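Here's the structure, in structure tokens; my notes come after.
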Amino acid sequence: MLNENKIEYSKEHEIFLKNVKKRKALIIFTQILILVLFFAQWEITARLKIIDPFLVSQPTRMIKFLIKLYQNGELFRHIFVTCYETIIGFVLGTLIGTIFAVILWWWDFLSKVLEPYLVVLNALPKIALGPIIIFWVGNGRPAIIIIALMISLIVTIISVHAGFKEVDEDKIKLLKTFGATKFQILRYVVLPSSVPTIISALKINVGLSWVGVIVGEFLVAKEGLGFLIVFGGQVAQLDMVMLSIIILSIAAYIMYILVASLENKFLGWKN
Amino acid sequence: MLNENKIEYSKEHEIFLKNVKKRKALIIFTQILILVLFFAQWEITARLKIIDPFLVSQPTRMIKFLIKLYQNGELFRHIFVTCYETIIGFVLGTLIGTIFAVILWWWDFLSKVLEPYLVVLNALPKIALGPIIIFWVGNGRPAIIIIALMISLIVTIISVHAGFKEVDEDKIKLLKTFGATKFQILRYVVLPSSVPTIISALKINVGLSWVGVIVGEFLVAKEGLGFLIVFGGQVAQLDMVMLSIIILSIAAYIMYILVASLENKFLGWKN
Amino acid sequence: MIKLRAKDISVIYHTLDGETEAIKNLNLDVKEGEFLCLVGPSGCGKSTFLNVIAGLVKPSSGKIFIDNEEITKPSNKIGYMFQRDYLFEWRTIYKNIVLGLEIQKRLNGDNLKMVEYMLQKYGLSSFKNYYPRQLSGGMRQRAALIRTLALNPDILLLDEPFAALDYQTRLAVSDDIYRIIKNEGKTVIMVTHDISEAVSLSDRVVVLSKRPARIKDILEIKFSIKDRTPIKVREAPEFKDYFNLIWKELDIHVE
Amino acid sequence: MIKLRAKDISVIYHTLDGETEAIKNLNLDVKEGEFLCLVGPSGCGKSTFLNVIAGLVKPSSGKIFIDNEEITKPSNKIGYMFQRDYLFEWRTIYKNIVLGLEIQKRLNGDNLKMVEYMLQKYGLSSFKNYYPRQLSGGMRQRAALIRTLALNPDILLLDEPFAALDYQTRLAVSDDIYRIIKNEGKTVIMVTHDISEAVSLSDRVVVLSKRPARIKDILEIKFSIKDRTPIKVREAPEFKDYFNLIWKELDIHVE
Amino acid sequence: SCGQKKPQELTKIRLNEVVRSIFYAPMYVAINKGFFEEEGLEIELSTGQGADKTMQQVLSGNADIGFCGPEQVIYLYNQGREDYAILFAQLTKRDGSFLVGRQKEEDFKWENLKGKTIIGGRPGGVPEMTLEYVIRNHGLTPHKEVNIITNIAFTATAQAFKSGTGDYVALFEPTASMLQKEGGGYIVASIGKASGEIPYTCFFATKSYMEKNPEIIQKFTNAIYKGQIWVQKHTSKEIAEAVISFFPGSDLDLLTTVVERYKAQDTWSKDPILKEEALSRLMDIIQSYNRELIPMRPSYEKIVTTEFAEKALENIK
Ligand SMILES: Nc1ncnc2c1ncn2[C@@H]1O[C@H](COP(=O)(O)OP(=O)(O)OP(=O)(O)O)[C@@H](O)[C@H]1O
Ligand SMILES: Nc1ncnc2c1ncn2[C@@H]1O[C@H](COP(=O)(O)OP(=O)(O)OP(=O)(O)O)[C@@H](O)[C@H]1O
Ligand SMILES: [Mg+2]
Ligand SMILES: [Mg+2]
């Protein structure tokens, strides 16, 4: 019965669909192959002493370390702490950044005045400001989140504000003919038509938030993946450093995928 | 004689031009005012012991330190070293990033395969890889430049490649009707029409190159502004730290302005 | 009865590059229920004039009166429709159509009933939950018109409303929209580049000069035909004469 | 003499959403020096057909012959002009015009002399160092034509070349370009939506069916008039008959 | 051991350590063995990642007690801050770094370093100053007769050495032991032994805090002293076991080796008393490195108090 509802495709089309699937499979296969080869050569060259496991660790050592960390119950605590901080930093960065962008859009004069300051803030290595931040908000989690924020905030402000400025003037004109207030223009045109810009800012932000949290954890932390990296470096535990980096990569990728899926949700009207 | 060539404007237009000038002057005035107020309150609150000059320094102390540094002839050496490294990192980052973007554009399969890896690399805190880089390329300037490169490269690749993919399909089709090869398509359409994207990538890159060089100098340097920041911290000289951060801001701003002026040069056809 | 009066309108644009005189001392009266077309060379100031009427651009001198009242900011009595439809891609057709009502906080039963009625009448009912990109150009343009009419304006300003459509669709849609507008008894000022369109739709055609826009000539368009429709009048004997007259007035030669 | 032969052309597009049959078993012969217009409903496969001829789209089945030789990739004998001019904003008009020659590595004296000659003849000489955005739509379209002609193709494919121009400019430019093409004695296949345009320019009009495109009818266009030009033939008595014939064939009703 | 009753209410003390290191084992012992609780204190430990940052934490009021090298206290005093910091207890009495070479050298002599290249610490840091002081004490001029590389962050020196840079490297534990275990180098000398006793890492608080909370400082010093005693009385393995929770993922054997090495070179102070001659030696070291860093030597009485340490010695047997 159900079969009757299926659209019948020509043979050519089925070949085409098969080719598409094949290609997709090949891509995923190659991606996995690269991963496997990468870890395999890492292990082998380390065993053959071509590379120095003291410096770059080696997969089996990392797995051993992973098991150890898991057994004493710390693994998930560190991962959780870092993810938690990253998510907070990310959400706050996006929110506050968008609010600032709205403010700059609203007061053009202000945006002109602040432009060079934004440029400078953007170019400043925030890590240099770490001590100042710690001095202000103490050395707890807030400091980490603020450092993460600093790293993503300015980029968000600049790119979202640029997005706002690119909104089609004529759409704004249309709303003006309806007698819309400035706030209504913001709500009905500027914000919704900037959703794509905001989402691409989000995608950049995810990455920056991770970097920010890790840098923050370098400066002040007793737990989290960044702490493990610093601490591992201090006690020459490269297994710890490398394992943390790899866990970090996986977490960052998962979070990126989640944000990218937002795109499908909010930009449904595009397809 | 020359006066005769001047275009005569109506009175209204002169009022308009005057208003424009007034506004511009007001913007610059406000910008300077903010700067002045900022430093003034810094100095005053420091003198009144509201903020602790031992922790955040204070303008007069910084100026004293600046004079000292200038007198023993080290000021320009440190500034020069950092600027030099940043420029090298910036130029290389742009060049190599663009080359990689071209490669990804050329082999679409490769770009699909590498996509998740680029995402992950983008989110990785490159600073954690610092020791490995020192192990590979030694503790000289190359290590600093490579760290700067690592920080800016991935962003360049991702954004320039995205720019390439947005090139008008129809322009490519036009070239195909001329019988153009893939290389000619790259040379005659893809690259030139991506110039605006590349320049906006450059603008981001300037900032990232500064961050990268400073981080690199934190890890391995005997001179430069990043070195001064580390050294100042070691010997509890917050004047040195703050002064370096301020010099850094100025240098970063100047370099940004230079890059932005490239825009006028290369996008002359826009106006 | 005079619905709209433009009195001594001049517009000068100021930019850093210099000043552009777009309109100079333009006087025009539009009667209630009239369909008026503006034609003129490219860049002469036609859109500027509509913007002045809509209260979007402040004239450098001169005044606009509607029903003998001066207006200085966008008025509820005016509906403006642009060359492109400017439907918001992220809203469904229905939500696009009620956008103006939503902004003016007039989303009440009466107005919504009116919207439903128009959707029905102009064949968009079954598409109301579609997104704009799922509709053809002609349907989008009709949706834009309903969005404008939903606010129940007395005066419609149309700035080359059909220019983005292809030839056949254009003929059909203009026929369509002409009927809709005449049904509702609106006063219309329309800008077009297409002389046949101007002749076939309007009661009067205003020919403007090169920039700065001044009125060069005003032609009353009258056909001997009964039950005038835009497509029908193209067959009327007077059509070609009007066409040629305007063609000459416009003094067309390309560059 | 048959210049171009399309034999049993079928094109099916495959996408993840499904398949689209754009052309089905289309056969067409075009004589040397002929000006042929293709008209047909929106989305029926006209551009696809031109793309097949230009070697840009591989047909699912069927073959294209030029001068009795099968072609499978873009050929030097063909020049293609699109709806939009696609002048590169970052190149001057002159550099845009010689782009094709540059790519085919034929930037020699003879060809450049030819370019200079055409620039002169078609009134672009004094603009050759301007950037595209400094030119009007009509001038840009002429520049695009010279770019195509500079390669000295035997066959010109024109895909709605005037659609982006406003009405007056369109009339003037099509007149202009018609003369240029006839001067150079090219074979032309042009797609248009504008029936008057098709009738006024072509020797034959091919009416295509809805998608998948098949040939519905072919009309020979002949005028009693002497010294045929596109603007003149609009006054010819046969013009309206051809117009109405095609109008009916196309069976136009909007949605 | 001591049969004291636990008070119900614990006072929370925010302590900022300069880095996490086995070098500070007695402090971790005091925390893990409950000596602070016995005194009615609860320690909230954070890591400053640098002496300057630890000092900033204390000055900004984000930490009550700081734990790092006394040089920061000296610098601060010299900059004329009214509410300066005062040192009240000492934990380590010598430099904790070791000279690691490429070969085993049974009869290493500092004089042999002539013409060699050493990877040292960052300029301005006490480890680098101490290294140069030791070299100077053996009749060699740093940077002239001995080449010292000072531009590498301390987490990266081992890697740089392994990649072939330098003939020797000055490393902290456990990096030195791990390098030796991996066969990448051999510990040839203890820099701490060669430099003599100096107050290397000490506890301090601001003057105002100390005046307001003398009883807390006293209790804190007591706990530290208990830790110091415990360390003296137990084997390296026991110590390693006691502190391993502070070093996630570490290897017990390696920790034991490191503790053993520190014990062997007499790293840890037996009591919290900071002696004047030791402080004066530290200032010698700094001044010999760069006189400008301490243009005026602050007096011992101003920046050190032994009052609490002495009382602790009386309190605890
Ligand atoms: N906001 C503005 N600032 C400066 N000049 C402007 C502005 N808007 C229009 N102009 C100029 O004023 C003149 C008239 O413009 P307008 O858009 O009214 O012409 P138009 O008749 O509508 O042209 P078209 O037929 O191309 O639509 C043009 O020269 C244009 O460049
Ligand atoms: N690259 C493609 N992939 C899939 N489908 C396509 C592609 N190009 C065109 N089509 C589909 O093929 C059909 C014919 O398209 P084509 O562009 O040839 O029509 P057309 O007659 O030129 O239309 P128009 O009058 O709008 O220019 C359309 O339904 C279109 O959606
Ligand atoms: Mg206009
Ligand atoms: Mg087409």
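The values are calculated or read from the model by the stated rules, or taken from the named source; none is laboratory data. Given the structure is predicted, the values throughout are model-derived calculations rather than measurements. Glycine gets a Cβ as well: all are built from the backbone with ideal geometry, and neighbour counts include every protein chain shown. Surface accessibility is based on the protein's heavy atoms, side chains included, excluding ligands, DNA and RNA. Shrake-Rupley method; radii C 1.70, N 1.55, O 1.52, S 1.80 Å.
Of the residues D:Ile195, D:Ile225, D:Ile189, which single one is open to solvent by 20 Å² or more (accessible area, probe 1.4 Å) and of a type in the set (A, V, I, L, M)?
Details: D:Ile195 fails: open to solvent by 20 Å² or more (accessible area, probe 1.4 Å); D:Ile189 fails: open to solvent by 20 Å² or more (accessible area, probe 1.4 Å).
Only one candidate passes the filter, namely D:Ile225.
Across segment D:159-179, the qualifying residues are those that are modelled with pLDDT of 80 or more and either among the charged types (D, E, K, R) or not assigned by TED's automatic domain parsing to the domain that holds D:Cys37 (or both), and the one among them that is most open to solvent (accessible area, probe 1.4 Å) is D:Arg179. Scanning segment C:124-141 for residues that are in contact with an Asp or Glu (Cβ under 7 Å, 6 or more places away or on another chain), at pLDDT below 85 and open to solvent by 20 Å² or more (accessible area, probe 1.4 Å) yields a count of 1.
If you check A:Glu223, A:Glu169 for being of a type in the set (Asp, Glu), in the same structural domain as A:Leu129 (by TED's automatic domain parsing), within 21 Å of the chain's Cα centre (by Cα) and modelled with pLDDT of 80 or more, only one passes: A:Glu223.
Out of segment D:90-110, which residues are buried (at least 17 other Cβ atoms within 10 Å of the Cβ) and away from chain B (no Cβ under 13 Å)?
Matches in segment D:90-110: D:Tyr94 only.
So for segment A:226-249 (the condition being open to solvent by 40 Å² or more (accessible area, probe 1.4 Å), out of contact with any Gly (no Cβ under 7 Å at 6 or more places or on another chain) and within 9 Å of another protein chain (Cβ to nearest Cβ)), does at least one residue qualify? No, every residue in segment A:226-249 fails to be open to solvent by 40 Å² or more (accessible area, probe 1.4 Å), out of contact with any Gly (no Cβ under 7 Å at 6 or more places or on another chain) and within 9 Å of another protein chain (Cβ to nearest Cβ).
Is there a residue being within 11 Å of another protein chain (Cβ to nearest Cβ) and in contact (Cβ under 8 Å) with a residue 60 or more places away in the chain anywhere in segment B:159-169? No: zero hits.
Given the options D:Gly100, D:Gly79, D:Gly55, D:Gly40, name the one that is within 21 Å of the chain's Cα centre (by Cα), small (Gly, Ala, Ser) and within 16 Å of ligand 4 (Cβ to nearest atom).
Details: D:Gly100 fails: within 16 Å of ligand 4 (Cβ to nearest atom); D:Gly79 fails: within 16 Å of ligand 4 (Cβ to nearest atom); D:Gly55 fails: within 16 Å of ligand 4 (Cβ to nearest atom).
Matching residue, one of D:Gly100, D:Gly79, D:Gly55, D:Gly40: D:Gly40.
Here's a check for you: in segment D:10-35, which residue that is buried (at least 18 other Cβ atoms within 10 Å of the Cβ) and within 16 Å of ligand 4 (Cβ to nearest atom) is farthest from the other protein chains (Cβ to nearest Cβ)? By that ranking, first place goes to D:Leu26. When segment B:79-92 is filtered for residues that are under 13 Å from B:Ile199 (Cα atoms) and open to solvent by less than 50 Å² (accessible area, probe 1.4 Å), only B:Phe90 remains.
The set of residues from segment B:180-220 being modelled with pLDDT under 85 and facing chain E (nearest Cβ under 10 Å) comprises B:Phe218, B:Leu219, B:Val220.
Restricting attention to segment E:65-112 and to residues that are polar (S, T, N, Q) and open to solvent by less than 30 Å² (accessible area, probe 1.4 Å), the residue that is farthest from E:Thr221 (Cα to Cα) turns out to be E:Ser97.
Across segment C:13-28, a minimum of one residue is classified as hydrophobic (A, V, I, L, M, F, W, C) and farther than 24 Å from B:Val20 by Cβ.
Apart from one condition, D:Gly123 fits all of (1) away from chain C (no Cβ under 11 Å); (2) on the phi > 0 side of the Ramachandran plot; (3) not charged (D, E, K, R); the exception is (1).
Quick grid of which residues meet (1) in contact (Cβ under 8 Å) with a residue 24 or more places away in the chain; (2) touching a helix residue (DSSP H, G or I) at 6+ places or on another chain (Cβ under 8 Å); (3) within 21 Å of B:Ile127 (Cβ to Cβ); (4) surrounded by fewer than 18 Cβ atoms within 10 Å (Cβ to Cβ):
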{"position": "A:Ile134", "(1), (2), (3), (4)": "yes, yes, yes, no"}
{"position": "A:Gly140", "(1), (2), (3), (4)": "yes, no, no, yes"}
{"position": "A:Ile144", "(1), (2), (3), (4)": "yes, yes, yes, no"}
{"position": "A:Ile147", "(1), (2), (3), (4)": "yes, yes, yes, no"}
{"position": "A:Ser193", "(1), (2), (3), (4)": "yes, yes, no, no"}
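Only one of the listed residues (D:Lys113, D:Lys63) is more than 20 Å from D:Glu160 (Cα to Cα) and in the same structural domain as D:Ile9 (by TED's automatic domain parsing). That residue is D:Lys63. Among the residues of segment A:29-48, those that are surrounded by 13 or more Cβ atoms within 10 Å (Cβ to Cβ) and within 15 Å of B:Ser111 (Cα to Cα) comprise A:Thr30, A:Gln31, A:Ile34. Only a single item in (1) over 18 Å from the mean Cα position of the chain (by Cα); (2) touching a residue at least 40 places away in the same chain (Cβ under 8 Å) is not met by E:His143, and it is number (2).
Condition first: at positive phi, surrounded by 15 or more Cβ atoms within 10 Å (Cβ to Cβ) and within 12 Å of ligand 3 (Cβ to nearest atom). Now tell me which residues in segment C:41-61 satisfy that.
Just the residues of segment C:41-61 that are at positive phi, to begin with: C:43, C:45, C:55.
Next, from what is left, pick out any that are surrounded by 15 or more Cβ atoms within 10 Å (Cβ to Cβ): C:45, C:55.
Answer for segment C:41-61, where residues must be at positive phi, surrounded by 15 or more Cβ atoms within 10 Å (Cβ to Cβ) and within 12 Å of ligand 3 (Cβ to nearest atom): just C:Gly45.
Filtering D:Lys113, D:Lys58, D:Lys46 for residues that are within 16 Å of ligand 2 (Cβ to nearest atom) and closer than 24 Å to D:Gln141 by Cβ leaves a single hit, D:Lys46. The set of residues in segment D:200-222 that are in contact with a strand residue (DSSP E or B) (Cβ under 7 Å, 6 or more places away or on another chain), open to solvent by less than 40 Å² (accessible area, probe 1.4 Å) and under 24 Å from D:Ile177 (Cβ atoms) comprises D:Leu201, D:Ser202, D:Arg204, D:Val205, D:Val206, D:Val207, D:Leu208, D:Leu219, D:Ile221.
Regarding E:Val169, is this residue surrounded by 20 or more Cβ atoms within 10 Å (Cβ to Cβ) and touching a residue at least 60 places away in the same chain (Cβ under 8 Å)?
Values: surrounded by 20 or more Cβ atoms within 10 Å (Cβ to Cβ): yes; touching a residue at least 60 places away in the same chain (Cβ under 8 Å): yes.
Against the criterion (surrounded by 20 or more Cβ atoms within 10 Å (Cβ to Cβ) and touching a residue at least 60 places away in the same chain (Cβ under 8 Å)), E:Val169 qualifies.
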